[in-house]
Amino acid sequence: MDLLHATGISIVGYLQENLIGFQDWFVFVSHAADLKNTFYVFFPIWFHLCESVGIRLIWVAVVGDWLNLVLKWILFGQRPYWWVHETSYYGKGPTPEIMQFPVTCETGPGSPSGHAMGSSSVYYVMTCAALSLLKSHTSFKGRCPRWALWAFFWAVQVNVCLSRVFVAAHFPHQVIAGVISGIVVAKVFNHLQVIYSVNLKKYISITLVLFSFAMGFYLLLKDFDVDLLWTLERAAHWCSRPEWIHIESTPFASLVRNLGIFLGLGLALNSQMYKTSYREKQGAEFTFRLSCIIISLLVIHIFDCFELPSDVETVYYLLSFCKNIAVSVTTVGIIPYCVSYVLRGQDKKVL
């Protein structure tokens with residue numbers, strides 16, 4: 001593995017030396033590829049355009065990121081920004097110098113890349129959804145839009161992979177593994193129809209199973225003196241600027257965020273508010289959907305602006321869980337219900 005890591009460090013150094021002019025772009029891509037944007041941007045848009053795609057996005061993102069966490073705990077992947085300082089591979093020779101950026105200091109294990117895995121799974125779902133809206137053509141002109149969509153998909157993945165390697169958050173093999181595993185997860189859920197008819201009891205059960213498995217796995221290995229949070233100390237020690245370490249990047253922070261979004265979706269889909277708005281939107285579908293998208297994005301942005309206190313980790317995790325439940329419930333249940341109520345009132349005035 002040392003040879004693989006050393007080769008990766010050489011690639012990191014090459015990218016930083018030759019693509020330094022794209023620094024701001026790569027930092028932006030890393031921010032944009034964060035899974036939170038799936039929940040706070042893509043999900044509200046797609047859910048109000050096509051409910052099934054929105055639901056599939058959440059399942060793919062949540063289950064995929066949970067699987068990513070388990071794989072990271074199993075594989076014990078290093079990250080470039082700390083491995084280069086701790087390895088004995090270079091002996092007494094000079095250690096390569098690599099730069100760090102505000103998005104470098106992730107605190108979890110590195111393999112497979114969560115950004116690459118999340119990006120490939122989410123964009124695969126969205127690409128397939130967009131393709132389903134296009135009519136099938138055998139002519140060159142008819143195929144161009146489909147080729148353009150897949151070209152865009154792969155352009156996004158290449159940029160995400162380059163970004164994560166450039167900022168020294170991942171080795172090349174980790175981002176490649178992330179892209180492949182993300183596509184596999186998306187392909188599986190593209191063929192699962194059962195996710196659209198899951199009741200609230202099953203949403204609660206799945207949430208508990210995912211949380212219990214992760215916690216049980218962590219506690220079990222801890223009893224055998226295997227610390228799955230070994231990366232936190234390395235991140236704190238080798239990150240060049242302490243303010244670049246965020247509690248949001250810790251393994252349990254992403255877990256509780258995702259499960260909050262997931263449980264909130266189950267609560268909203270099985271609420272009377274959603275059922276009422278779903279029935280009534282058919283009469284003013286375009287106005288209804290556009291209003292829900294705009295209002296959802298604005299309200300979720302307000303949610304996102306509230307910074308949770310991070311002094312006590314347990315309190316932060318609990319508040320994050322509740323906050324993300326509220327995001328899903330607001331997007332799926334409250335906002336559509338309020339919009340349908342307003343539109344219903346306007347229809348009565350016209351009559």
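The values are calculated or read from the model by the stated rules, or taken from the named source; none is laboratory data. Keep in mind that what you see is a predicted model, and the values were worked out from it rather than measured. Here Cβ is always computed from backbone atoms with ideal geometry, including for glycine, and neighbour counts include all displayed protein chains. Side chains included, ligands, DNA and RNA excluded: accessible areas come from the protein's heavy atoms. Shrake-Rupley method; radii C 1.70, N 1.55, O 1.52, S 1.80 Å.
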Picked from segment 231-254 (must be more than 22 Å from L308 (Cα to Cα) and touching a residue at least 24 places away in the same chain (Cβ under 8 Å)), the residue nearest to the chain's Cα centre (by Cα) is T231
Identify, from the list L267, L263, L259, the residue that is part of a helix (DSSP H, G or I), open to solvent by less than 10 Å² (accessible area, probe 1.4 Å) and either closer than 16 Å to K36 by Cα or at pLDDT 95 or above (or both).
-> L259
Mind checking which residues of segment 199-230 are within 22 Å of the chain's Cα centre (by Cα) and either surrounded by fewer than 11 Cβ atoms within 10 Å (Cβ to Cβ) or β-branched (V, I, T) (or both)?
-> I204, I206, T207, V209, S212
Using the structure shown, decide if R143 is of a type in the set (D, E, K, R), surrounded by 22 or more Cβ atoms within 10 Å (Cβ to Cβ) and either out of contact with any Lys or Arg (no Cβ under 9 Å at 6 or more places or on another chain) or more than 20 Å from L69 (Cα to Cα) (or both).
-> no
Answer with yes or no whether I183 is under 24 Å from V63 (Cα atoms), hydrophobic (A, V, I, L, M, F, W, C), buried (at least 17 other Cβ atoms within 10 Å of the Cβ) and touching a helix residue (DSSP H, G or I) at 6+ places or on another chain (Cβ under 8 Å).
-> yes
Filter segment 29-41 for residues that are out of contact with any helix residue (DSSP H, G or I) (no Cβ under 6 Å at 6 or more places or on another chain) and touching a residue at least 60 places away in the same chain (Cβ under 8 Å) and give the result.
-> H31, D34, K36, V41
Can you spot a residue in segment 147-159 that is surrounded by 12 or more Cβ atoms within 10 Å (Cβ to Cβ) and under 25 Å from W73 (Cβ atoms)?
-> yes
Could you list, in sequence order, the residues of segment 21-40 that are closer than 19 Å to S320 by Cβ and open to solvent by less than 40 Å² (accessible area, probe 1.4 Å)?
-> L35, T38, F39, Y40
The residue that is farthest from the chain's Cα centre (by Cα), considering only those in segment 290-329 that are polar (S, T, N, Q) and closer than 16 Å to Y278 by Cβ, is S291
